[in-house]
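The values are calculated or read from the model by the stated rules, or taken from the named source; none is laboratory data. Quick caveat, the model's predicted, so the values are computed rather than measured. Glycine gets a Cβ as well: all are built from the backbone with ideal geometry, and neighbour counts include every protein chain shown.
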Amino acid sequence: MKKISLTIVAILVSIGCFAQKTIIKTDQAPVPIAPYSQAVEANGMIFVAGQVGLDPKTRQLVAGGFEAEATQVMENIKAILTAANLSMSDIVNTTIYLKDIANFGKINDIYGKYFTGNYPARTTVGVANLPASASVEIAVIAVRGPKRK
C-alpha cells in the first residue's frame, strides 16, 4: 500500500499537482507594512497583495490626492510584476477597494491607462477604511503564460 501511495505522489508531483510557492519581492515597490509578501507565485499564478499609494522609498502615502495615490498603486503593482518577469497584460483579475465610491470614474481613467484592451476581470468595492489612511487599494492576480516573442 505504501509503495502505491508513494508512486501516486511521485506522479502528482511530476505533473505539477502540488503548488510550488515562490515569494516575489522588489525594492521598487513598498515593503509590506504587516506580515505578508508583496506577491506569491504558485504554479504560474501570481497573487499580488493589495497595494496602496505608498512611495517605495519613503513608505509614506504620496501627496496629491486620489489621482496621485491611484497612479502610485498602479506603479507599485507594475514594479512587483516586473520583478516576476511579467507585465500588466498578464493580469487576469483585479479587486479595487475605494474609500469613496464617488472616485469610481477617476479610478477607471487611471486604471485604464495601464491596459491596452483585453482587460482583466474586475471587482470594485466601496469600503469604510484602508491601511495607511489610503483612498484606494488594489490587489491583482496574474498568470504566467507562454513566453511571447
All conditions in (1) surrounded by fewer than 21 Cβ atoms within 10 Å (Cβ to Cβ); (2) in contact with a Lys or Arg (Cβ under 8 Å, 6 or more places away or on another chain); (3) closer than 23 Å to Ile23 by Cα are true of Val92 except (2)
Meets criteria (in contact with a Pro (Cβ under 8 Å, 6 or more places away or on another chain), buried (at least 18 other Cβ atoms within 10 Å of the Cβ), among the hydrophobic types (A, V, I, L, M, F, W, C) and under 18 Å from Ala29 (Cβ atoms)) for Val62: no
Restricting to the stretch 113-126, give me the number of residues that are loosely packed, with under 14 Cβ neighbours inside 10 Å and under 17 Å from Ala49 (Cβ atoms). 2
Quick test of your reading of the structure: Arg59 fulfils all but one of (1) at pLDDT 95 or above; (2) part of a loop (DSSP other than H, G, I, E, B). Name the failing condition by number. (1)
Mind checking whether some residue in the stretch 132-149 is farther than 17 Å from Lys25 by Cα, loosely packed, with under 13 Cβ neighbours inside 10 Å and under 17 Å from the mean Cα position of the chain (by Cα)? yes
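Do we find that Asn85 is assigned to a loop (DSSP other than H, G, I, E, B), modelled with pLDDT of 95 or more and polar (S, T, N, Q) in this structure?
yes
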Here is a check on your reading of the model: is Asn108 assigned to a helix (DSSP H, G or I) and surrounded by fewer than 19 Cβ atoms within 10 Å (Cβ to Cβ)? yes
From the list Ala132, Ala102, Ala79, which one is in a helix (DSSP H, G or I) and either hydroxyl-bearing (Ser, Thr, Tyr) or at positive phi (or both)? Ala132
Could you give every pair whose Cβ atoms fall below 7 Å, whose first residue belongs to the stretch 68-85 and is free of Cβ contacts under 8 Å to residues at least 24 places away in the same chain, and whose second residue is surrounded by fewer than 18 Cβ atoms within 10 Å (Cβ to Cβ), counting only separations of at least 6 or pairs across chains? Gln72/Asp55
